[in-house]
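Sharing a structure here in structure tokens format.
The values are calculated or read from the model by the stated rules, or taken from the named source; none is laboratory data. Note that the structure is a prediction, hence the values are computed from the model and not measured. Because the Cβ atoms are built from the backbone with ideal geometry, glycine has one as well, and the counts that use them run over all protein chains shown.
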């Protein structure tokens, strides 16, 4: 896993909570550093529970926080709200963010530098958690055992009879049969959104992975773009203590842990309660005094 850049944190913390101009001369508004940190989310359970984790950790670090009055339509919209200065922090995902900011330079294999060049001055991509928020390819345990599947490369030995499809097939990050053929030399038949496909394209936190005991196939050649979740912030909005607190999530919040949290919220638990219980269980929050 790589580290996303803090965009010269030492100089950024000198910025005040007003506005500045980026390289093209376009002014970018920043969240008010004097008031509470406004946390934005999209409407998904995953985004809401990650935002609740951020809020709990920032509060314990001594920062005042509040949630934006309304959720945004997508992760792209929440990221844009941070850039525009309407909110101070939001969960973001690497490839999704880069798609929203086309035209910047790309350094293959160096997401840290790529994000650094894509983001306007004063907008910071904090280091990511281990959790992936994109798509995965998975098979049943029976299929994995029959064809000895551990990674996408192993599909070469399965012949030409397997199908590729699933509910996340329409995701921009979902690999096509052509891309898998080019990268891994495997031959699959497209099956659209069929949940009965042999190789299923799923969201990384889809509860079916755990519920059905599916085997997620490794992707050593990264044919699926990286989508680690990370805090996107405006520089004045989150102080050093807050950034340090948020960094405590990095190794603890795995894809499996995020899937469990997301499932809890989808089942009716409030994001705040789910976040507090998980953080306490991981030793990331002190138990309240009796």
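Could you pull out the residue among 272, 283 that is more than 26 Å from residue 158 (Cα to Cα) and either at pLDDT 95 or above or part of a helix (DSSP H, G or I) (or both)?
Of the residues listed, the single one that is more than 26 Å from residue 158 (Cα to Cα) and either at pLDDT 95 or above or part of a helix (DSSP H, G or I) (or both) is 272.
If you don't mind, another one. Which of the numbered conditions does residue 187 fail, given that it passes all the others? Conditions: (1) more than 15 Å from the chain's Cα centre (by Cα); (2) assigned to a loop (DSSP other than H, G, I, E, B); (3) crowded, with 23+ Cβ neighbours inside 10 Å.
It is condition (3) that residue 187 fails.
Every residue, every condition in (1) surrounded by 16 or more Cβ atoms within 10 Å (Cβ to Cβ); (2) out of contact with any strand residue (DSSP E or B) (no Cβ under 6 Å at 6 or more places or on another chain), yes or no:
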| residue | (1), (2) |
| --- | --- |
| 242 | yes, yes |
| 246 | yes, no |
| 253 | yes, yes |
| 263 | yes, yes |
| 269 | yes, yes |
| 273 | no, yes |
| 277 | no, yes |
| 282 | no, yes |
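Do the conditions hold for residue 212, that is, is it farther than 12 Å from residue 152 by Cα and crowded, with 20+ Cβ neighbours inside 10 Å?
Considered against the rule, which asks whether it is farther than 12 Å from residue 152 by Cα and crowded, with 20+ Cβ neighbours inside 10 Å, residue 212 comes out as no.
Further question on the same structure: Considering each residue of the range 156-182, count those that are over 18 Å from residue 227 (Cα atoms) and surrounded by 17 or more Cβ atoms within 10 Å (Cβ to Cβ), and give that number.
8
Name the residue, out of 98, 119, 58, that is within 28 Å of residue 193 (Cβ to Cβ) and surrounded by 18 or more Cβ atoms within 10 Å (Cβ to Cβ).
The match here is 98.
When the residues of the range 59-70 are narrowed to those that are out of contact with any strand residue (DSSP E or B) (no Cβ under 6 Å at 6 or more places or on another chain) and in a loop (DSSP other than H, G, I, E, B), which ends up nearest to residue 275 (Cα to Cα)?
61
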